[in-house]
Amino acid sequence: MKILRLLWVFFRIGVMGELAYRLNFVVQLFQSLLELATALAGLAVIFAYTDKLGSWRPDEVVALVGVYFLVGGVIGLVIQPSMERFIDSVRQGTLDYTLTKPEDAQLLVSIQGVEIWKLIDIALGFGVLVVALGRLGERVGAWQAAAFAGMLLAGGAIVYSFWLILATCSFWFVRVENILIIFQSMYEAGRWPVSLYPGWLRFGLTFLVPVAFATTVPAEALTGRLNPQVVLGTVGLAAVMLVVSRLFWRAGIRHYSGASA
Amino acid sequence: MGISLPDSPIIHIHDLHKTYVVSEREAGIRAALQSLVHRRTERIKAVDGISFDLSGGEIVGFLGPNGAGKTTTLKMLSGLLHPTAGEVTVLGHVPWKREKPFLRKITLVMGQRNQLIWDIPVIDSFELNRAVYRIQASDYRRTLDELTQLLELGPLLRKPVRNLSLGERMKCEIAAALLHLPQVVFLDEPTIGLDVIMQRRIRGFIAEYNRRSGATVLLTSHYMADVEALCRRVVVIHLGRLLFDGDLSALVERFTAHKTIVVQLGDCRDDLSSYGEVVSCEEGYVTLRVPKAETARVTERLLADLPVIDLTVEDPPIEEVIERVFAQEAV
Amino acid sequence: MSALLDLYVQHFKTSLAAMLQYRASLVIWLIGHVLEPLIYLVVWSVVSNTRGGRVGGYTTGEFAAYFIVLMLVNHITYTWIMYEYEYRIRHGSLSFDLLRPVHPIHSDIADNVSSKLISLPGMLLAAVLLALLFRPTFHVVLWAVVAAIPALFLAFLLRFLVEWTLALAAFWTTRVSAINQMYFVALLFLSGQVAPLSLLPSPIQAVATALPFRWMVSFPVELLLGRLTPAKAMAGLAAQAVWVVLGLGLVKIVWRAGVRAYSAVGG
């Protein structure tokens, strides 16, 4: 598919920019491992005093941490660098080049930045996930695995749409660079099951900044906590958000090119 | 859509308008609060009713001072901006619809802004364009070879863009923009900031590309040398309106009311102010400015009255002409 | 001395105006500063409730008090100076600071304090809201609250000096993010942000006490919560003072070395 081909081109470019620096790999690996160790150490402190957090067993929370790193890695791999680059290009005027290319501008803008070191985070997250599931001793059934994959995709779509909506604001407001940090600050909360938080915070982390859909919901799918209604609801929300973000994007482009509303 | 008859213009602009609505706001908290209640806006007419056509294969210079409306017009032609009113078609397409077949046939190069990716070798940015424009491998190779040869890109291709000098970067930017062999080329100040030699090279390249491909080129520039070298036809725009559209020589002809006579005498002792306005006298060369109609008569008198060693009649420099055009004076 | 004071007043005025421009960023930073203690507040409350209402020396209400006070103390003492210096050194704007006949740390302190003045209302509002939502249990010990004032001042100074010195690492390496990360991880655990220090294994508590981390954040929090005896409070203030003196010395040495390294490359 054309999208994949273009994504591969940008991927190669992302690799190209970094490969010259082998030391970078070592440093990035160190930093990712340190972040993982920090998260797990935090868990160790908590679970020294209890053997259940809410309804979550320790290894289930470890699995959640794995999902957190996995999804965080995907966001940091393409979504974040592309949106940052897009906001910058609006300010510098180089967005005009993207708009004169014969490809859908939203597509080009969404895959133009690739931060390949985030592959480390994805690998680590996946590794932690596998180890945690192993220790849980549960067999991951076909339904759970499918639900997990589905929730990862839906969660990814929801997070992408959210970032796109935030970034699209730069068509109207100039000083928008910091707006993306909103998600990154709130994403921290995704390391713990969202069900722990009081109702108002749960609401905020679900419907205002969709952190819950990024981490907790896929983890719940994997540990058999989801019912079909939530699964369908999440998929539905993902579809709606993709449409809404697309429409908002189109409105942004129209505004940028001075079309009368 | 997209089929243009051989006689119809490649670019057709009719009564084009672009008005911006800008909100005015002063600094300070009080003004910010005020603006919440009452928004003061100002309408700025960037383009105020211009019309002209371009035929296939023309290289046209688009002249005007800063803020004249050149870049705005270029953006409307390339589909980046919606006109407020008027008609525009390029290659039979309406630009702001941004149809993919249209975008594949045009290209835009902006002098101060780069489309090449900063950290990676030039050739990899080219590859990106190849994928985006869906250029066939054989066509791509052929075009790349030709551009490499014409622009002397050989040693540059494997270098990251950040390691190139300004001139080298510009050459690569232009090459990247032409890989898909567009039929219409929009150049917005392409030689700005370059040294004289590089400017000349790029000019030569554009002329050669136009000759080989028959592409239509619309070029905006501050540098008269660009326009003189490349464009037979110039369109002059000022305050959003067209001041002139025609041959460059006709521009000079129409907007100059004076000629310059340079007389070589032995020294600067004589006072020649009775013949015309004395602009300068250096080492025996006197420069006089006389009304066009009187040129022949003054020349006769000078030759008859004075021991003239040499005498030449010149047009005022084109920069001066253009400046006066903008100031709406006759030169 | 009066000249220094005058310098601060002037710096203060300009940085206040500058920080107002960054209001949006300050709000976004505020969200992060509220969210992190909030997360741990919730997590520890859950743990506490599972264990019948208390963990170690803390009831559920006392956890809420701990993290709300921690949030405020953290806000009073935090800096972003290491990002600032990385930027300045990379973009060469440090050269301007080096041309001035005053030490750049003064304007940095002024920037830091003025930004906090602007964001303080928001932070206090957050504290009040959290107090309403989580019903913390405060034990107000008057002398301890009074003693907390110099403790907070020393904590702010100490943390600023340490992080300022750390920021100068940018003179010698571009891998500043790795160094910063290591520092922040240490800070996270050893200054009591993940859990009250008394809940951590004793070796870790010992490390936190021996290093300046406890004295940067945890000590003022412990004081304000009334958890320290007068003797411990005095010892703590003394420890802070010692660390501040060490910090001042460190700043001097590292700054001189850093400037030498910077000028050697031509800035």
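Data table
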read-out	value
From phi via Karplus (6.51, -1.76, 1.60), per-residue ³J(HN,Hα) for region C:139-144 in Hz, x at Gly/Pro	10, 7, 10, 4, 5, 5
Relative exposure of B:L150, B:L77, C:L197, judged by other C-beta atoms within 10 Å (fewest first)	B:L150, C:L197, B:L77
Cut-off 10 Å between beta-carbons: net charge of the residues surrounding B:E58, Lys and Arg +1, Asp and Glu -1	+1
Acute angle (nearest 10 degrees) that the helix C:81-91 long axis makes with the longest principal axis of chain C, alpha-carbon atoms	30
Karplus (6.51, -1.76, 1.60) ³J(HN,Hα), θ = phi - 60°, over region B:197-204, in Hz, Gly and Pro reported as x	5, 5, 4, 5, 4, 5, 4, x
Cβ-placed point charges (K, R +1; D, E -1), dipole of chain A about Cα centre in debye, nearest 20	400
Helical segments meeting 15 Å axial Cα length and Kyte-Doolittle 1.0 threshold in chain A (DSSP H)	A:2-19, A:22-47, A:58-74, A:118-136, A:142-168
Per residue, the convex hull volume that the Cα atoms of region C:2-264 enclose (Å³)	139
Radius ratio Rg over Rh of the protein assembly as shown, counting only Cα atoms, Kirkwood formula for Rh	1.07
Coil-residue GluC sites (Glu not before Pro) of region B:221-302, DSSP, other Cβ within 10 Å capped at 12	B:E283
Chain B, relative contact order [Cα under 8 Å, separation at least 6], %	18
Region B:32-124 shape via C-alpha gyration tensor axes, a/c threshold 1.5	oblate
Per-residue HN-Hα couplings for region C:3-8 [Karplus 6.51, -1.76, 1.60; θ = phi - 60°; Hz; x = Gly/Pro]	5, 5, 4, 4, 4, 4
DSSP loop trypsin sites (Lys or Arg not before Pro) with at most 15 other Cβ within 10 Å: longest gap in chain B	B:40-133
Rg ratio (alpha-carbon, reference 2.2 N^0.38 Å) - chain B	1.24
Among B:V286, B:V88, B:V321: highest mean-square fluctuation, GNM of chain B, C-alpha pairs under 10 Å	B:V286
Length-normalised contact order for chain A - Cα pairs under 8 Å, 6+ apart - percent	24
Scattering curve values for region B:122-204, log₁₀ I(q)/I(0), Debye with Cα scatterers, q = 0.11, 0.12, 0.14, 0.24 Å⁻¹	-0.28, -0.34, -0.46, -1.30
Sequence-distant residues sharing a close amide H with B:H238 (under 5 Å, placed H)	B:L243
Selection from A:S257, A:I111, A:P210, by position along the positive dipole direction of chain A (Cβ)	A:S257
Across the protein assembly as shown: Cys residues that no other cysteine approaches within a C-beta distance under 4.7 Å	A:C169, B:C172, B:C231
Region A:135-261: equivalent-ellipsoid semi-axes (sqrt of 5 x gyration tensor eigenvalues, Cα, Å)	32, 17, 11
Partner lysines for C:K116 [C-alpha distance under 24 Å; skip if fewer than 8 residues away on the same chain]	C:K13
Qualifying lysines (Cα of each under 25 Å from Cα of A:K118; at least 8 residues distant if same chain)	A:K2
Value at 222 nm in deg cm²/dmol, rounded to 500, when DSSP H runs of n ≥ 4 in chain B each add -39,500 (n - 2.57)	-10500 deg cm²/dmol
Relative contact order %, chain C, counting alpha carbon pairs below 8 Å whose residues are six or more apart	27
C-alpha long axis of helix C:60-77 to longest principal axis of chain C, angle in °	10
Cα-centred dipole magnitude for the protein assembly as shown, charges only on beta-carbon of K, R (+1) and D, E (-1), debye, nearest 20	3280
Distant-in-sequence amide H partners of B:F62 (H built 1.01 Å from N, under 5 Å)	B:L219, B:T220, B:S221, B:V235
Translational diffusion coefficient (Stokes-Einstein; Kirkwood radius from C-alpha pairs) of region A:2-256 at 37 °C, 0.692 mPa s, in µm²/s	170
Exercise: per-residue mean of other protein chain Cβ atoms within 10 Å, A:50-62	2
Folded to 0 to 90 degrees: helix B:122-133 orientation relative to chain B principal axis, Cα	70
Number of partner chain Cβ atoms within 10 Å, mean per residue of B:130-140	2
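All of the numbers you see were taken from the coordinates with simple rules; none came from a lab. Predicted model only: the values in this text are computed from it and were never measured. Because the Cβ atoms are built from the backbone with ideal geometry, glycine has one as well, and the counts that use them run over all protein chains shown.
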